[in-house]
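The block underneath contains the structure these notes are about, expressed in structure tokens.
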Amino acid sequence: MVKYTDLEYLRMKKGKRFGLKLLSFLCSIPRKTAAFFLMLLTGIKQAALKIAGEARDICMGFVTGDWKTKVSYLVMGFGCFARGQILRGVLFLLFEVVFIGYMVLFGGYYLGMMPSLGKQGPTTEKVASGLRGTATVTIYHDNSFRILLYSVLTIFFIIAFIYTWRVNVKQNLTAERILKSGKKLRSGKEDLRSLVDDQFHKTLLALPMTGILVFTVLPIIFMILVAFTNYCGANNGYTNNLFHWVGLDNFNTMLNWTNGSSSYAATFGEVLAWTLIWAFFATFTNYFLGMMVAMAINKKGIHFKKGWRTVLVMTVAIPQFISLLYVSKMFASNGIVNGLLMDLGIIDMDHLLPFWTDPTWARITVIIINIWIGIPYLMLITTGILMNIPADLYESARIDGASGWQQYSKITLPYMLFVTGPYLLTSFTGNMNNFNVIYLLTGGAPTNNLSTAPGTVGYTDLLITWLFKITQGAEANYYLASVVGILVFLVVAIISLVVYNLLPSIKNEEDFQ
Amino acid sequence: MASVKLTGVKKIYDNKVTAVHDFNLDIKDKEFVVFVGPSGCGKSTTLRMVAGLEDISEGTVEIDGEVVNDLQPKDRDIAMVFQNYALYPHMTVYDNIAFSLRLKKMPEDEIYEKVTNAAEILGITDYLTRKPRALSGGQRQRVAIGRAMVRNSKVFLMDEPLSNLDAKLRNQMRAEIILLRQKLNTTFIYVTHDQTEAMTLGDRIVIMQDGYIEQVGTPTEVFEMPRNIFVAEFIGAPKMNMIPTKLTRSGDNYTVSPFGARLPVDGEKRELLLEGDVGSREIILGVRPEHIVLADSASESSIPCTLEVNEMMGSELHLHVYTEDGTRLIVRVPTLNLSSAQRSGLVAGARLNITFSGKVMHFFDAESKLNLCCGE
Amino acid sequence: MSENTVMAPKKHMGLKTSRRISNTAIYVLLAVISVVWLIPFICILLQSFRVENTMPVGYVIPKRWGIDNYLRLFQTDFPKWYLNTFIIALVSSVLQTFIVLCMSYALSRFRFKGRKLLMRLMLILGMFPGMLTMIILYRVLADLGMTQANAVPGLILVYVASSGMLYYVSKGFFDTIPKSLDEAARVDGATRFQVLKKIILPLSKPIVIYTVLTAFMSPWGDFVFAQYVSMGASAGKNVAVGMYGWLNKDQIANNYTLFCAGGVLVAIPVTVLFLCLQKYYVEGVTGGAVKG
């Protein structure tokens, strides 16, 4: 590529500049991708080196450490006891005992079952019931769901144990060194005191992180694993409790294109396309119209600013399920909108407007209703930022002879886009997963009859609502839902990664400050 | 009342940037030490390491003979005044000053005594019930000092305390800090980027650049015998003129030849050069603007130049001149020394002759940038 | 508004006239917007007083007025749902605020090893569709006996447990409180805990209120998860799930006006609370968006 100096660049025409930028961006894609993977590779390499170093340190520590340290390698916390740090010792030992107990009683069993996810299916047996008769009872035996769940939990536990063991060894080595250098160790009391002082963050984070680990991370890992099994609603005890690993079959089913337009892949593609279109319009219509309303209210010489704002803000407060469900009924064929138009003589009984029955009408209607939902919120956000734009920028622009539109396009808009860039990104991905608006308004309707995929896909279904529908009822198809979930994650992650790297507010943070 | 000792102190940030290299300093009891240097030189970082607000990557900090590396700030018995005052916005002035005493669980009567006493000294008694946002910059500054004062701690740390004030208030507060210091009579460490503050306040000045100590000395020492070009240019305003030229030794005599003139070196400077057995070499000659005088007529020892700008400062004139090869110099002339006829002749474009004595010259090695008179 | 345009003094006609025209246009626009935005709510209100029938109809003004719908609400499970939602909102807003503040203060003020990694991991976790995890959470809650009729504690548990992920806005707020305040307090002899209690929390009123408010409001609107956990057991439903059922194809004819009346009763307290604390909410959303 030809290199231009800054001055040459300044003399170019706008179109050429843009072309150049585009070209350099396109050219940089392979380089950036390569750099990304290189970064990943070096990251892995560094991590491996670090682990190797750690292992070496631990081995060396065993060789050079004194007998207290050596025993601690086997009996956690022993060194702490021996050196008078009773509190730490108790905690370490307790953890070790609990871990070993858990592994012997449950963990070992579940881990052993993990490769098969259980073998023995349900059996029926006759049991004595009442005085004379017998009844047939189904005994389910192995429960794949539990096996998978508890084996994931066990793996968590093992990782936590290895980490704690490492901490234990390291602390012993440090304690030994500190004592050798003639200094004193922290007492249990000091340990406790440091938990509200220099180690306060550990206290603060303990509870929230446990919550996230158990109620977010564990379920997510579990659901990722489900994508590689054949777990479906029938396995919830309806017919049996058994499912098993199927490898990549589910991804194959979802992404296979051999059956043409009736394949799942076609449905997925259609839903994905609509999801992206929806997210784009939902984000930008709200953004620009919300900004417009904010500017109108903020304009000099407009009275009752607070009143206008309150009217709009009130609509943020009302729970969405009320407003969305109600509006959805307003636009139904027997709803108020059609009724009103009939009264006015604009339409007649046989030509009701097909708000929810025609695919295109439905799609446009949800976008428009979403504007109604979103504008107040965007108005609030942009008002704050608009007021932060230094007034002297406008004054200087007016003296330079800029018209109202020019002031908007050369000052307001660049400033807003710069400041709200990250917000637009999160709002875009948020809209991709905007379950409430779609589900409460249309429930995905009108149904797409061409699709053979599970979950009765409709024309306004987003990936997220489709996913939800797949998981409903006895024929719930959990494994396919997991596959869709993973694909949603990939799409969101890729969009975020790319946009995040292009955002000017990330690259040149200081521009507008 | 305590001494502070820093031994081999280093600060290395997580991104491998070294902010402070091997800082060694022994601060005596009741001494007033000023860390001075351009922004980013590591002076604040050093102070914050003494305070315990930054981890010390290497080396030790001792207060009163005790290594405090692993102590929390609250256990170091120090008081600190911050650049932006760091007053607690939700508390009244009284509560701000009493905060540390209340944490010590001091009885309220005693707190009242101490706070009103400090307020008296600082002249903020009338504002004790106000919140910080209702105070002016100078008043906030006093509250911040008061908050540090009541603690009677071993060491008093001040991080650019005057840099948020306007010039006039700054001069006034500077004088008050000198008074305060006499009253408190404790160890002070004061950080500033302003050389005037450093010169007027410090018993000793530590001049820093890029994380290194450039020179430690009394104000007189650093002014009269700057160890290198950086210190020479940093201390004194307007800054020292630097003229690349040649130092010639013939026997026991030295001459310099800036811009073709021939100026002999004499007095103490000559002796110091002889002591160091300095031979002829390329040097950078430093002359302070106030040491340059206007010559009556051209001579072998005068330098012809043209006046570019004449700044009237009141008691003195700052003349910006350029020599025949275009080098720019600044000359500081007391207004008193000039007749009104001379003054009216000092307009842009006027031809002048300047000269300076051999006693006031500073000689820096062109390569090492070190002062040749310091004998290193 | 028209007063304003008439009263304008008649000097410098050019500039004034153009401003008057544009201002009038803006007033018209704002008036239209306000009407459009309020219409659905006015409709709900009006229809909740309609007693001539209970189905959805094509007109707005009731033909016969009455409070029958409100009275009928008390013969359904609505009071139970209302109470459920209120308890969930109350308890989870307190606990959630506690968790969020812990999390965001730690991430804002401490520079510990792995802090960046932790924040990045949470960003990535946030990209997974949370809906998926409902399947397993339901099974786990079922094992704990916290589903169906006992859904209330289950919902609280799940709302609170994962609320650590919502640290972003309040962390942004904490970041704006100068660090030198912490440092001054620590030099003054405060432990980190005392810094939080005596310095940071008193300064964080807006964000505490914002967090409480959002945490209180969200259970009123949560539909999906509440539906999943209550699994059709009426005693465990919240208002959203319960009232959603009234709009089913087979129920809508009987319960449409009932839905409107319930909607009004749900909307009133939340809206009043919101309008009172509006200032803090605005501060929160604005700060959050700018921080990104």
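Nothing in this text is a laboratory measurement; each read-out follows from the coordinates by a stated rule. Quick caveat: nothing in here was measured; it's all calculated off a predicted structure. Neighbour counts are summed over all protein chains in view; Cβ atoms, including those assigned to glycine, are modelled from backbone coordinates with ideal geometry.
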Could you state the principal axis extents of the C-alpha atoms in segment B:1-117, from the largest down, to the nearest angstrom? 47, 30, 25
Histogram of C-alpha separations across segment C:82-168, 10 Å bin width, %: 15, 38, 33, 12, 1
Cα centre as origin, Lys/Arg/Asp/Glu Cβ charges: segment C:71-291 dipole, Debye: 760 debye
Pick from C:Val241, C:Val28, C:Val100: which residue has the top mean-square fluctuation in a GNM of chain C where Cα pairs under 10 Å get a spring? C:Val28
Exceeding 21 Å between C-alpha atoms, which entries from my cross-link table qualify? They are A:Lys202/B:Lys154; B:Lys10/B:Lys43; A:Lys50/C:Lys113; A:Lys68/A:Lys180; B:Lys5/B:Lys104. A:Lys202/B:Lys154; B:Lys5/B:Lys104
Relative contact order for chain B, counting Cα pairs under 8 Å that sit 6 or more residues apart, in percent: 15 percent
Which net charge results for the neighbourhood of B:Val93, defined as the other residues with beta-carbon distances under 15 angstrom from its beta-carbon, given Lys and Arg at +1 and Asp and Glu at -1? +4
√(5λ) per eigenvalue of the Cα gyration tensor, the protein assembly as shown, largest first, Å: 67, 43, 31
What's the center-to-center distance, using Cα atoms, between segment A:364-395 and segment A:1-33 in Å? 33 Å
Intensity falloff of segment C:71-291 expressed as log10 I(q)/I(0), Debye formula with alpha-carbon point scatterers, at q = 0.09 Å⁻¹: -0.45
In Å and whole numbers, how far do the C-alpha atoms of chain A stretch along each principal axis, longest first? 88, 83, 54
Suppose R0 equals 60 Å. What FRET efficiency, 1/(1 + (r/R0)^6) with r the Cβ-Cβ distance, do B:Asp210 and C:Leu273 give to the nearest 0.05? 0.60
Just grab the label-to-label distance for A:Lys305 and B:Met106, each label 7 Å out from Cα along the Cβ direction, in nm (one decimal). 4.6 nm
Averaged over residues of C:94-105, the number of beta carbons from other chains lying within 10 Å of each residue's Cβ is 3
Which order do B:Phe99, C:Phe174 fall in if you start with the one that has the fewest other Cβ atoms within 10 Å? C:Phe174, B:Phe99
Gain upon complete extension [A:Phe288, A:Leu26; 0.36 nm per residue less C-alpha separation]: 91.5 nm
Dividing the mean separation of Cα pairs under 8 Å (6+ apart) by the residue count of chain C yields a relative contact order in percent of 30 percent
Reciprocal of mean inverse Cα separation for chain B (Kirkwood radius, Å): 23.4 Å
Listed residues B:Leu274, B:Leu338, B:Leu25, most fluctuating in chain B (Gaussian network, C-alpha, under 10 Å): B:Leu338
D (µm²/s, integer) via Stokes-Einstein for segment A:264-507, Kirkwood Rh across alpha-carbon pairs, 25 °C, 0.890 mPa s: value 121 µm²/s
Test item: B:78-90 mean partner chain Cβ contacts at 10 Å: 5
Write down the Å³ per residue value for the convex hull defined by the alpha carbon atoms of segment B:247-364. 105 Å³
Given the rule -39500 (n - 2.57) for each run of at least 4 DSSP H residues, summed and divided by the residues of chain A, what is its mean residue ellipticity at 222 nm, to the nearest 500 deg cm²/dmol? -21500 deg cm²/dmol
Stretch A:Met295-A:Leu179 to full length: gain in nm at 0.36 nm per residue minus the Cα-Cα span? 35.0 nm
Separation between the A:Val196 and A:Phe280 pseudo-spin-labels, each 7 Å from Cα along Cα→Cβ, expressed in nm? 5.7 nm
Estimated FRET transfer efficiency (B:Arg133, C:Thr76; beta-carbon r; R0 56 Å; 0.05): 0.55
Where nothing but the Cβ of Lys and Arg (+1) and of Asp and Glu (-1) is charged, how large is the charge dipole of the protein assembly as shown around its Cα centre, in debye to the nearest 20? 1940 debye
Charge dipole (the protein assembly as shown, unit charges on Cβ, about Cα centre) - positive-most of A:Gln120, C:Val94, A:Val214: A:Gln120
Expressed as a fraction of 2.2 N^0.38 Å, the rule-of-thumb size for a compact globular protein of N residues, what is the C-alpha radius of gyration of segment A:187-304? 1.94
The exposure ranking of C:Cys260, B:Cys374, fewest beta-carbon neighbours within 10 Å first, is B:Cys374, C:Cys260
Cα pair distances exceeding 18 angstrom across segment B:138-242, given as percent: 51 percent
Averaged over every viewing direction, what's the projected area of the C-alpha convex hull for segment A:247-348? Give it in nm², one decimal, please. 12.4 nm²
Determine, from the Cβ-Cβ distance of A:Gln46 and B:Asn69 and an R0 of 35 Å, the FRET efficiency 1/(1 + (r/R0)^6), rounded to the nearest 0.05. 0.75
Length released on extending from B:Val309 to B:Arg249, taking residue separation times 0.36 nm less the Cα-Cα span: 18.0 nm
Once label points are set 7 Å from the Cα along Cα→Cβ at both A:Ser396 and A:Thr357, what is their separation, rounded to one decimal in nm? 6.1 nm
